[in-house]
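Colleague: Dropping the structure in here first, questions after.
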């Protein structure tokens, strides 16, 4: 006697026209090769992976406010130092990542090592905000004078553009943003 095995055709929960033999090892839903996530303990669906990862996030909305305040203040200090070193722009190649590391640790300490989905992005944006405030803040009296006396406006605009394209400050900004993002990424 031949034993016949009948295989029941199942379809992916996300792609109803795709036949599959794979199942998530956590929830048991049928998933196709496009929906599978390989883990050390087997294949899981993306839904189960998102639920698992969301459990690691414990940051609150207050933490994001703290990130903006602490990150911007630290970035202003770091940007001022980078601006002072901008005559020796090559030093900022080493200073940018070091300052970014210090800023990342200050942010991590201020939010008590809580984790969140957008902490790295918010922290990186504070570096950009700090650099922009350094460029604009140092020229704020010129801007006020330019608005009061329109003949100074081209001088103020040129001054702000020169500040924005300060090579030392740009090197600091790019390297510090990269470092902060890499260190705080979840």
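The values are calculated or read from the model by the stated rules, or taken from the named source; none is laboratory data. A quick note: this is a predicted structure, and the numbers were derived from the prediction, not measured. Quick reminder, even Gly has a Cβ in these numbers, built from the backbone with ideal geometry, and neighbours come from all protein chains shown.
Colleague: Does residue 57 qualify as being part of a loop (DSSP other than H, G, I, E, B), touching a residue at least 12 places away in the same chain (Cβ under 8 Å) and under 17 Å from residue 185 (Cα atoms)?
Modeller: Yes, satisfied.
Colleague: All but one of (1) in the same structural domain as residue 171 (by TED's automatic domain parsing); (2) farther than 21 Å from residue 171 by Cβ hold for residue 97, so report the exception by its number.
Modeller: Of the numbered conditions (1) in the same structural domain as residue 171 (by TED's automatic domain parsing); (2) farther than 21 Å from residue 171 by Cβ, the odd one out for residue 97 is (2).
Colleague: So which of 34, 17, 26 ends up being in a loop (DSSP other than H, G, I, E, B), modelled with pLDDT of 85 or more and in contact with a helix residue (DSSP H, G or I) (Cβ under 7 Å, 6 or more places away or on another chain)?
Modeller: Of the residues listed, the single one that is in a loop (DSSP other than H, G, I, E, B), modelled with pLDDT of 85 or more and in contact with a helix residue (DSSP H, G or I) (Cβ under 7 Å, 6 or more places away or on another chain) is 26.
Colleague: Quickly run through the range 47-76 and pick out the residues that are modelled with pLDDT under 85 and farther than 20 Å from residue 116 by Cβ.
Modeller: Selection gives 47, 48.
Colleague: Ok, one more. Inspect the range 73-85 for any residue being over 12 Å from residue 177 (Cα atoms) and within 16 Å of the chain's Cα centre (by Cα) and give the result as yes or no.
Modeller: no
Colleague: Just to be sure, is residue 67 assigned to a helix (DSSP H, G or I) and touching a helix residue (DSSP H, G or I) at 6+ places or on another chain (Cβ under 9 Å)?
Modeller: yes
Colleague: Can you find a residue that is touching a helix residue (DSSP H, G or I) at 6+ places or on another chain (Cβ under 9 Å), more than 20 Å from residue 67 (Cβ to Cβ) and at pLDDT 65 or above anywhere in the range 120-136?
Modeller: yes
Colleague: In this structure, does residue 115 turn out to be outside any helix (DSSP H, G or I) and either touching a helix residue (DSSP H, G or I) at 6+ places or on another chain (Cβ under 7 Å) or assigned by TED's automatic domain parsing to the domain that holds residue 178 (or both)?
Modeller: yes
Colleague: Also: Do we have residue 89 as assigned to a helix (DSSP H, G or I) and over 21 Å from residue 181 (Cα atoms) here?
Modeller: Criteria met by residue 89.
Colleague: Residue 100 versus (1) modelled with pLDDT of 85 or more; (2) over 22 Å from the mean Cα position of the chain (by Cα): which is the lone unmet condition?
Modeller: (2)
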